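*Asks:* Sharing a structure here in structure tokens format.
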Amino acid sequence: MIPRATSKRRTQVATIATLIQKTDGSLEGTLTTLNVTAQIAIVANARKAKENEPDFRIISRKNGFELGAGWNRISQATGAEYVSVSLSAPELGTIYGNIANAPGEDDTKKVIIWNPVN
């Protein structure tokens, strides 16, 4: 039996990547969608020269292609710092998300939470 919809709105959170933070601050892990599973690395943008350029580059660990970028942001609601990411490839289209701590006590485990465009 399928439950009936209720009037309360539920927030759905979709994890699209699981990551481990390395000692140098970079992140490595797996991006997983319905059609794509890819090993990725998120590294500091050493060539950043302007304020509007990304703080991070998202790279395919398989072939070194750049899949996206990330920017340091501050939440207007809470003042908390976070990283906003944008991923783009023919197989993906464009996907937006935020890097967050993974559930649990291990601060080295991170996730990318999908942030759908309304």
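*Asks:* Separation between the Val13 and Ala44 pseudo-spin-labels, each 7 Å from Cα along Cα→Cβ, expressed in nm?
*Replies:* Roughly 2.8 nm, to one decimal.
*Asks:* Next question, about the same structure. By the gyration tensor of its Cα atoms, with a ≥ b ≥ c the square roots of the eigenvalues, what is the shape of segment 4-96: rounded for a/c under 1.5, prolate for a/b over b/c, or oblate? Before the final figure, lay out the partial values.
*Replies:* Numbers: a/c = 1.97, a/b = 1.29, b/c = 1.53.
Because a/c hits 1.5 or more and a/b fails to exceed b/c, segment 4-96 counts as oblate.
*Asks:* Give me the percent relative contact order of the chain, please, defined on Cα pairs under 8 angstrom at least 6 residues apart. Spell out each step's value before the answer.
*Replies:* On the way: 223 pairs, mean separation 25.1, N = 118.
That works out to 21 percent.
*Asks:* Please give, to one decimal in nm, the separation of the simple spin-label points placed at Thr32 and Ser88, each 7 Å out from Cα toward the Cβ.
*Replies:* 2.7 nm
*Asks:* Ser26: accessible area at probe 1.4 Å, nearest 10 Å²?
*Replies:* Ser26 has an accessible surface of roughly 20 Å² with all protein chains in place.
*Asks:* So if we plug the beta-carbon distance of Asn115 and Asp55 into 1/(1 + (r/R0)^6) with R0 = 22 Å, what FRET efficiency do we get, rounded to 0.05?
*Replies:* Numbers: r = 17 Å, r/R0 = 0.77.
Efficiency at R0 = 22 Å is approximately 0.85.
*Asks:* Counting only residues 5 or more places away or on other chains, whose amide H sits under 5 Å from the amide H of Ile40 once H atoms are built in the peptide plane?
*Replies:* Counting only residues 5 or more places away or on other chains, the set is Gly29, Thr30, Leu31, Arg61.
*Asks:* OK, next. Of Glu91, Glu66, which has the most accessible area with a 1.4 Å probe, and how do the rest follow in descending order?
*Replies:* Values: Glu91 125, Glu66 90 Å².
Solvent-accessible surface, decreasing: Glu91, Glu66.
The values are calculated or read from the model by the stated rules, or taken from the named source; none is laboratory data. In this text the structure is predicted, and so the values were computed from the model without any measurement. Every residue, glycine as well, gets a Cβ built from its backbone with ideal geometry; the counts of neighbours run over all protein chains shown. Surface areas here come from the heavy atoms of the whole protein model, side chains and all, with no ligands, DNA or RNA. Shrake-Rupley method; radii C 1.70, N 1.55, O 1.52, S 1.80 Å.
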